[in-house]
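Following: one structure in structure tokens, then a few remarks.
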Amino acid sequence: MKKRLITALKLVGAVLLAVVILALATLPAVFMNTMYGYLPILFLVIALLVSAGCLLWLRRRIVVVADCEDLQCVRGAAVDVGLKLVNQSRLACPQARASLFISDLFGENDALREIPFTLSGKETIDLGFGMDMRHIGLYSVGLDHVELRDFFGVFKCRVPVTGRFTAFVTPRIRPINEFNVVDEVLAESDVDTRVTVVGGMDYTGVREYIPGDPMKQIHWKLSAHARDYMTRLQESNRQQEYAVILDFAAEQNDNREQLMDLNDCLIETALSLIEDISHHDAGYALLYTDRTGQIARTNPRGREDDMELLRFFSVITPEPPGDYPDACQILSREGQRQNRSTNAVVVTSRITPELIEAMLQVKRQRRSPELYYVVPAVWNSRELEAATASLHQLTDADIPFFLISTESLQAAEAPVEGREPA
């Protein structure tokens, strides 16, 4: 509202100034009976026409030079966009403004900033800028437009520019046990009997540490309580076929930043699980909803497939329509296949009674379901406890589930300099 008021006041001021100048130019013509009385207004009109003509000529003589190609980087990397504005004319422009932009996950342009500058004859202006690519996806970045004004500031025009680039921001793939798993039980007991499958292994108890035990198997919380190292007792629980279901359906949320964080964490969790499974020489498939609203099934073979996946992934969709394939529908479709996978791993940020029932049905089919529930980092302990309580049916059915906080995104970020051309 304040910005609109300021714009309106500037417009009124410009109109009043133009009226005053025009009135002053016509005064000689009113009070003088000779042709010389029309010279001021005639000079003003000619000056405005010349100024407008120079502006149109200058518009045709300005080109944009790009110093970079399409970009590819991992989430959290800093990239540099190289842009230069070259004035091929000897005319100068006293007032100009460049608008730089980056699209968001949902395809809308968010202006980064507007840069005012002056342009001399035969001058080159460096409009390059850097940015931190914080979210996974396919984006457009670059120069949206350049606006020029004439010498009097009366006329303006936009320069047709082509300084647009595509930026592929790929996920950070890391061991699944590096994700911030929110503990379902905030205080662990001395004897821990919960089943945990993060990283592909179960543990059903603990024992005293024996030299040679892997450090990653040490139960640190219980060790601190017992004042001696305690090791998890583990056994493999994974079978040979996995269906990793990536669900882009989400709860209603008007905070776009939180939605993009959820989207990042969903993708990184699912692809990190795929990476973990592939290291155990097990069969797997990734199931997801594509941008056309159809269920897609693929077998990613490494990081070289990430860019192709990002082209087809649906974006996170709050409160999707009824025909949108969510985790429940994908899980049901997978269960109807003749050669269905023996393990179903669901990665989602939305829990519904229908999804819980679908996972219970998988269990009844003597298959092994797992749930990775991605939650916002801003959730407090009460909200986390409520989320855990809503999954009591899974607990009763011995179906393992994990709450993954989007705080994992910040914990995984490390400074990454430079960029790689696509």
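The values are calculated or read from the model by the stated rules, or taken from the named source; none is laboratory data. What you see is a predicted model, and the numbers here were worked out from it, not measured in a lab. In this analysis, Cβ positions are derived from the backbone assuming ideal geometry, glycine residues included, and neighbour counts consider all displayed protein chains. SASA here: full protein model, heavy atoms, side chains in, ligands and nucleic acids out. Shrake-Rupley method; radii C 1.70, N 1.55, O 1.52, S 1.80 Å.
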- For segment 269-422: accessible area per residue (Å², 1.4 Å): 49
- Rank-order 116-123, 84-91, 271-278 by packing density, defined as the average count of other C-beta atoms within 10 Å over each peptide's residues, highest first. 271-278, 84-91, 116-123
- Item | At R0 = 35 Å, FRET efficiency that the Cβ-Cβ distance of S223 and L360 yields, to 0.05 | 0.50
- Task: Quick one: net charge around E123, please, counting Lys, Arg +1 and Asp, Glu -1 for every other residue with C-beta under 12 Å from its C-beta.
- Result: +3
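Give me the net charge of D264's neighbourhood, meaning all other residues with Cβ under 10 Å from the Cβ of D264; Lys, Arg count +1, Asp, Glu -1.
Numbers: positive: R75, R134, R172; negative: D261, E268.
Around D264, the charge tally is +1.
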- Query: In the neighborhood of P160, defined by Cβ-to-Cβ distances under 10 Å, what is the net charge if each Lys or Arg adds +1 and each Asp or Glu adds -1?
  - Reply: +3
- Which residue, chosen from F106, T118, S140, occupies the Cα position most advanced towards the positive end of the dipole of segment 95-151, where the dipole is computed from +1 (Lys, Arg) and -1 (Asp, Glu) charges on Cβ about the Cα centre? T118
